[in-house]
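Trainee: Below you'll find the structure I mean.
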Amino acid sequence: MKHIYEGKTKSVFELEDGNILLKLKDDVTGEDGKFDPGANEIMGKIDGMANASLKMSQYYFSLLTNKGVKNHFLSADLSNNTMVVKPAVVFGHGVEIICRFKAYGSFIRRYGLYINSGDNLNCLVEMTLKDDERQDPLITDEALAQLNIMTIDEYVKAKELVRRVALIIKEDLSAKGLEIYDIKFELGLVDGQIAIIDDISAGNMRVFRDGVQVEPLQLAEIVVG
């Protein structure tokens, strides 16, 4: 097993068979002592976060697989907080895609002149580059194409995929009495097709119940028990 990358919330290893092992951590991102899935800094550790994230990822990847949605998930080992996935080719150095159902967080900081916090958004999709040094800048379809990161056709397919997956997760959370405000995904090419990769967990989404944001461990408990 070869260590190939150390991320904020997971370690990445290449297995002898060519598949990838992700070892999740208890680290969470945030700013000013408050959890924020869109932040670039590690806020600290939450004991049990790795296991909770893995349980949610296993749950949602299995749900997506049952619905015929392309993803990289193969198996999970809850005792070791690890997940085996298919290898993926990322776009550029990584592109993150956010689907927003409510105006919140950085969206308000950018567009607060035109919208209020908590106002509805119609499954709005934004793309950002994974680039901590430049604070994960927003990027357009034309810029992605001209920088040879993603073609216009790939951009359109990526948006369609993210909207489909976000709505599947929104419906699942709604059935549990929860309201999702936004969710962040990473995509890559798996077996030559655009697929959902990385993890799908409380660390990637903001979810509310009765107007109060649900903390990550509580969210995992509600979703998977």
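Trainee: Pull out all pairs, ordered by first then second residue, where Cβ-Cβ is under 9 Å, the residues are six or more apart or on different chains, the first lies in region 151-162 and is closer than 17 Å to G192 by Cβ and open to solvent by 70 Å² or more (accessible area, probe 1.4 Å), and the second is among the hydrophobic types (A, V, I, L, M, F, W, C) and not in a helix (DSSP H, G or I).
Mentor: Once the first residue is closer than 17 Å to G192 by Cβ and open to solvent by 70 Å² or more (accessible area, probe 1.4 Å) and sits in region 151-162, its partners that are among the hydrophobic types (A, V, I, L, M, F, W, C) and not in a helix (DSSP H, G or I) give K157/I194.
Trainee: Of the residues G188, G192, only one is within 26 Å of V95 (Cβ to Cβ) and either among the polar types (S, T, N, Q) or over 18 Å from the mean Cα position of the chain (by Cα) (or both); which? Before the answer, list the steps.
Mentor: Working: G188 fails: either among the polar types (S, T, N, Q) or over 18 Å from the mean Cα position of the chain (by Cα) (or both).
Residue meeting the stated conditions: G192.
Trainee: Among the residues of region 70-126, which ones are free of Cβ contacts under 8 Å to residues at least 60 places away in the same chain, more than 21 Å from F208 (Cα to Cα) and not in a strand (DSSP E or B)?
Mentor: Passing the criteria: L78, S79, N80, N81, G92, H93, R110, Y111, L113, Y114.
Trainee: Criterion first (without any contact (Cβ under 8 Å) to a residue 40 or more places away in the chain, more than 17 Å from V89 (Cβ to Cβ) and touching a strand residue (DSSP E or B) at 6+ places or on another chain (Cβ under 9 Å)) does S201 satisfy it? Don't jump to the end; show me each part of the working.
Mentor: Working: without any contact (Cβ under 8 Å) to a residue 40 or more places away in the chain: no; more than 17 Å from V89 (Cβ to Cβ): yes; touching a strand residue (DSSP E or B) at 6+ places or on another chain (Cβ under 9 Å): yes.
It is false that S201 is without any contact (Cβ under 8 Å) to a residue 40 or more places away in the chain, more than 17 Å from V89 (Cβ to Cβ) and touching a strand residue (DSSP E or B) at 6+ places or on another chain (Cβ under 9 Å).
Trainee: When the residues of region 127-136 are filtered to those that are in contact (Cβ under 8 Å) with a residue 24 or more places away in the chain and open to solvent by 50 Å² or more (accessible area, probe 1.4 Å), which remaining residue is nearest to E186 (Cα to Cα)?
Mentor: Taking the candidates together, the pick is K130.
Trainee: Do we find that G112 is modelled with pLDDT under 95 and more than 30 Å from D17 (Cβ to Cβ) in this structure? Walk me through how you get there before you give the answer.
Mentor: Numbers: modelled with pLDDT under 95: no; more than 30 Å from D17 (Cβ to Cβ): yes.
It is false that G112 is modelled with pLDDT under 95 and more than 30 Å from D17 (Cβ to Cβ).
Trainee: Now a separate question. Look through region 9-24, keep the residues that are over 17 Å from S57 (Cα atoms) and either in a loop (DSSP other than H, G, I, E, B) or among the basic types (K, R) (or both), and return whichever of them is most open to solvent (accessible area, probe 1.4 Å).
Mentor: Step by step, filter region 9-24, then rank; the result is E16.
Trainee: Continuing with this model, one more query. Filter region 167-179 down to residues that are surrounded by fewer than 19 Cβ atoms within 10 Å (Cβ to Cβ) and closer than 19 Å to M127 by Cβ, then give me how many there are.
Mentor: The number of residues fulfilling the criteria is 1.
Trainee: Mind listing whichever residues of region 180-217 are more than 30 Å from P87 (Cα to Cα) and either in contact with a Ser or Thr (Cβ under 9 Å, 6 or more places away or on another chain) or surrounded by fewer than 18 Cβ atoms within 10 Å (Cβ to Cβ) (or both)?
Mentor: The answer is F208, R209, D210, G211, V212, Q213, E215.
Trainee: Condition first: modelled with pLDDT of 85 or more, of a type in the set (A, V, I, L, M, F, W, C) and touching a helix residue (DSSP H, G or I) at 6+ places or on another chain (Cβ under 7 Å). Now tell me which residues in region 1-45 satisfy that.
Mentor: Result: L24, single match.
The values are calculated or read from the model by the stated rules, or taken from the named source; none is laboratory data. The structure displayed is predicted, hence computed values, not measured ones. Neighbour counts are summed over all protein chains in view; Cβ atoms, including those assigned to glycine, are modelled from backbone coordinates with ideal geometry. Note: areas computed on protein heavy atoms with side chains; ligands, DNA, RNA excluded. Shrake-Rupley method; radii C 1.70, N 1.55, O 1.52, S 1.80 Å.
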